[in-house]
Amino acid sequence: MKPIPTEMTSITAPRSDASHLFSAPVIVAALGYFVDIYDLLLFGIVRLPSLAALGLSDADISITGASILNWQMTGLLLGGILWGVLGDKKGRLSVLFGSIITYSLANIACGFVQDVTVYKLLRFIAGIGLAGELGAGITLVSEILPKHLRAIGTSLVAGIGLLGAVVAYFTVEYFDWRYAYFIGGGLGISLLLLRIGVFESGIFKDIKDQKHVEKGNFFALFNNKDRLVRYLKCIGIGLPTWFVIGILATFSNEFGKALGIAEPIKPGLSIMWCYVGLSMGDLASGFISHWLESRKKAVFYLMIFTLVFSCVYLFAGIKTVGLFYTVAGLLGFGIGYWAMFVTIGAEQFGTNLRATAATTVPNMVRGTVVGMTTLFATFKGSFSVIQAGALVGVICFAIGIFSILTIPETHGRDLDFLEE
């Protein structure tokens with residue numbers, strides 16, 4: 001790694017902390033992530049009513065729902081690579097524009113779907129589009145904010161953005177699932193108008209025209225042992241987050257039955273409460289990291305908190321709906337280190353690979369949901385639903401805890417450097 005040999009000019013003018021934190025790029029990144037989360041989780045919320053409306057039986061809904069979710073997550077995985085490379089080659093703003101157009105149009109099309117195969121294809125395309133928003137937004141915000149404000153700024157983006165899950169839930173409660181897709185697509189198109197006037201990262205502009213600097217080479221993450229280890233550990237840190245969302249919350253109706261809860265558990269409501277907690281956890285994680293002066297400690301403590309309440313969720317014998325949803329909210333708070341996890345991914349790598357890493361890392365984690373749901377389904381063939389969920393959790397938490405304990409600390413790191 002080497003420093004960028006040009007002067008930083010875009011963020012050196014004296015400004016207050018408040019003016020930095022509430023600048024146009026931070027606000028737009030937060031609103032963009034709000035729409036991103038709305039659209040990302042919408043299928044999980046409308047999974048049951050939408051597939052029932054297409055004529056599937058209860059048994060088919062479980063299998064087909066997991067398949068469509070896997071298609072969406074595969075799109076996220078591939079889209080993360082596409083938008084990450086473009087973010088380092090063409091700029092952070094180009095990704096923000098391109099990704100939102102893609103997922104907005106795909107979600108509008110989902111409102112017209114009449115066939116399961118088409119539904120899978122559209123969620124795959126939506127997944128590709130949704131892959132670009134968070135990584136590009138966090139990269140942009142990380143590069144324009146002073147280093148002492150990065151943790152708080154990225155937490156504001158994620159904390160506000162994650163409330164999109166709450167809006168998605170209530171939209172489905174008050175509108176037909178097809179209209180929920182139309183609303184999501186419309187919000188995305190409307191957001192494009194707010195993007196006008198948002199400025200590009202000064203750090204990126206300093207290297208944009210330097211032809212000798214190789215930018216956005218995805219394979220450069222794999223051709224150097226140190227970079228590869230950092231990259232894999234960044235992915236490993238995020239695994240418990242999507243274990244909670246992709247397994248415990250998404251299939252909460254199955255866990256509710258296994259626990260013997262009399263009233264049916266609604267996956268959409270579980271996801272909503274999980275994201276209410278996640279939003280609060282994300283807001284808190286930035287201040288915790290700022291206070292502890294450590295990304296690693298903040299993430300580790302929240303990960304252990306999540307592990308404890310995962311055990312409560314699975315083994316404490318929950319018998320009431322209210323307590324079940326309360327634990328879902330607490331699990332969400334625990335995985336509120338999501339903002340710090342993505343920030344760590346951005347801070348680990350130089351400017352010429354930063355968007356590639358920060359965009360692909362969270363989507364690689366989302367992509368692992370395919371493996372999680374496959375393992376969950378496989379384990380259910382030999383174990384109970386509770387045991388199957390626990391086995392998947394053991395794998396995710398073991399990798400996550402090892403990764404956060406061994407990855408380099410990035411609190412206070414200057415970001416004006418390049419990957420050689």
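The values are calculated or read from the model by the stated rules, or taken from the named source; none is laboratory data. Because the structure is predicted, anything quoted here is derived from the model rather than measured. Note: ideal-geometry Cβ built from the backbone for every residue, glycine included; neighbour counts use all protein chains shown. Calculation scope for accessible area: heavy atoms of the full protein, side chains included, ligands and nucleic acids excluded. Shrake-Rupley method; radii C 1.70, N 1.55, O 1.52, S 1.80 Å.
What the table shows:
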item	result
Single residue of segment 87-136 satisfying the filter (of a type in the set (Lys, Arg) and buried (at least 21 other Cβ atoms within 10 Å of the Cβ)) that is modelled with the highest pLDDT	ARG123
Any hit, segment 55-64, residues being part of a helix (DSSP H, G or I) and within 15 Å of LEU122 (Cα to Cα)	yes
Residues (polar (S, T, N, Q) and in contact with a helix residue (DSSP H, G or I) (Cβ under 6 Å, 6 or more places away or on another chain)) located in segment 253-303	ASN253, SER270, SER279, SER285, SER289
Residue list for segment 292-341, filter: among the basic types (Lys, Arg) and surrounded by fewer than 20 Cβ atoms within 10 Å (Cβ to Cβ)	LYS297, LYS319
Flag if ASP60 is farther than 25 Å from ARG354 by Cα and charged (D, E, K, R)	yes
Condition met for LEU42 (outside any helix (DSSP H, G or I) and either at pLDDT 85 or above or charged (D, E, K, R) (or both))	no
Residues within segment 42-60 that are open to solvent by 10 Å² or more (accessible area, probe 1.4 Å) and among the hydrophobic types (A, V, I, L, M, F, W, C), tallied	7
Number of the exception - TRP83 against (1) more than 20 Å from ALA29 (Cβ to Cβ); (2) open to solvent by 10 Å² or more (accessible area, probe 1.4 Å); (3) not in a loop (DSSP other than H, G, I, E, B)	(1)
Qualifying residue in segment 151-168 (condition: assigned to a helix (DSSP H, G or I), open to solvent by less than 30 Å² (accessible area, probe 1.4 Å), touching a His at 6+ places or on another chain (Cβ under 7 Å) and farther than 15 Å from LEU31 by Cβ)	yes
Residue in segment 364-417 that is surrounded by the fewest Cβ atoms within 10 Å (Cβ to Cβ), counting only those that are free of Cβ contacts under 8 Å to residues at least 24 places away in the same chain, outside any helix (DSSP H, G or I) and of a type outside the set (A, V, I, L, M, F, W, C)	GLY381
Failed criterion for GLU420 (all others in (1) surrounded by fewer than 18 Cβ atoms within 10 Å (Cβ to Cβ); (2) part of a helix (DSSP H, G or I) hold)	(2)
